[in-house]
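FYI, it's all coordinate maths here, none of it is from the lab. Remember, predicted model here, so these are calculated numbers, not experimental data. Here the Cβ is made from the backbone with ideal geometry for all residues, glycine too, and neighbour counts use every protein chain on show.
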Amino acid sequence: MNRIFVTGGFGFLGSHLIEELVKDSDNRVHVVDNLSTSPINVERYLDELGHPSNLTYSICSVNEYCRSVNNETFDQIYHLASVVGPAGVLPHAGKMIKSIVDDTYSLIELAAKCNAKLVDVSTSEVYGGGQDGYCTEDYPKIVPAKTTIRMEYAIGKLAGETAIINTHKVSNLKACIIRPFNIAGPRQSGKGGFVLPRFVTQSFNNEPLTVFGNGKQIRAFTHVKDTVDGLIKTMKHGRQGEAYNIGNPENKTIILELAYRVIKLTKSKSGIAFVDPKTIYGPLYEEANDKYPEASKAMKELGWKYRYDIDKVILDVIEECLKQT
Ligand code: UDP
């Protein structure tokens, strides 16, 4: 039996991870989620899953849970719980580093106590844009000159990574990090500011697609199911103390091109509106640097391979939006 603990299991990524994990009847999965950023209706989600008997959950924060458990023990811990999204992070300005790092230390302690393996979901934003957007695990992490709220999120994640990797060096802690690149797919909410649900909804409504800036920003969109596969493979095969990029470099695109693809695939009459995002989200909103992954470390060491091309990612988001209308 595998006793598995998932923080943020009712989030966008978490809900897809749980779907996979509960399929194996050898797994006993416990979710902790305070639902603060959850895009799903948990009751409906559990109905759709068929209330699997190997899934239990606690609706509370990571710290509340970790403080309250005494005898629970786990073999695997996936840490997904986090504030998220370029707009979603803004209300947490000034508090994010502490909350991200506090949660990480709680999970390091829990993993050490149980002798569980911890897989921590960090962010590709720790690279600060890599070299012209290209990010490989060998590159230094760059802290930009301008202090932004987005940077606070990345620094919190990087601090968490550092704590995990260094604790591994001086103790028996078993742990790996993943750095996801632009996860996309069904159940992602436009509320955090994420581009694909926004573009698809705008296309359905035949409204102009709000392309930020000049639309030349580079991103590599990765299907959420590919990210989940990367997470599970990292848990199984990841070398202790290592970080892995999980992202699909073949889905590299500029945002304007993404907008045109969405219009084509939805057969929409929408046009494009070039917009300053600060007029939507306020002056604190910041654009991330260009980013796309070198994925060969994950492919070689984990046996991971992305499967979904950019059109399939968009089509799956479209299908989900159609279900909701
Ligand atoms: N974006 C856009 N219009 C929108 C929302 C986002 O042009 O309505 C752009 C945004 O500027 C960014 C890219 O799409 O360059 C990806 O944004 P998302 O928020 O999905 O992810 P992140 O910025 O964290 O990579």
Of all GluC sites (Glu not before Pro) in the stretch 3-79, which ones are in loop regions per DSSP and have a Cβ with at most 16 other Cβ atoms within 10 Å?
-> Glu72
Using all C-alpha to C-alpha distances in the chain, build P(r) with 20 Å bins and read off the rounded percent in each one.
-> 33, 60, 7
222 nm mean residue ellipticity, helices alone, for the chain (DSSP H n ≥ 4; -39,500 (n - 2.57); rounded to 500) | -12000 deg cm²/dmol
Kirkwood hydrodynamic radius for the stretch 116-216: how many Å is it when counted over pairs of different Cα atoms?
-> 16.1
Of Lys141/Lys312; Lys95/Lys323; Lys113/Lys300; Lys157/Lys191; Lys146/Lys312; Lys267/Lys297, which ones are farther than 28 Å apart at the Cα?
-> Lys141/Lys312; Lys95/Lys323; Lys113/Lys300; Lys146/Lys312; Lys267/Lys297
Starting from the eigenvalues of the Cα gyration tensor, five times each then square-rooted, give me the equivalent ellipsoid semi-axes of the stretch 63-115, largest first, whole Å.
-> 26, 11, 9
Radius of gyration and maximum dimension Dmax of the stretch 207-325, Cα, Å | 16.7, 50
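How big, in percent, is the set of alpha carbon pairs in the stretch 68-186 lying more than 16 Å apart?
63
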Taking the alpha carbon gyration tensor of the stretch 129-186, what are the square roots of 5 times its eigenvalues, largest first, to the nearest whole Å?
-> 23, 16, 13
Dividing the surface of the Cα convex hull of the stretch 1-64 by four yields a projected area in nm² of 4.0
Diffusion coefficient in µm²/s returned for the stretch 29-107 by Stokes-Einstein, Kirkwood Rh over C-alpha pairs, 4 °C and 1.567 mPa s, is 91
Inverting the mean 1/r over all pairs of different Cα atoms, compute the Kirkwood radius of the stretch 204-252 and quote it in Å.
-> 13.7
Based on DSSP, what percent of beta bridges with both residues in the chain are antiparallel, to the nearest 5?
-> 10
Given C-alpha coordinates of the stretch 127-279, what is the ratio Rg to Rh with the Kirkwood estimate of Rh?
-> 1.02
Here the stretch 1-132 gives, from Cα atoms, an Rg and Dmax in Å of 15.2, 48
Over all viewing directions the Cα convex hull of the stretch 93-160 casts an average projected area in nm² of 5.1
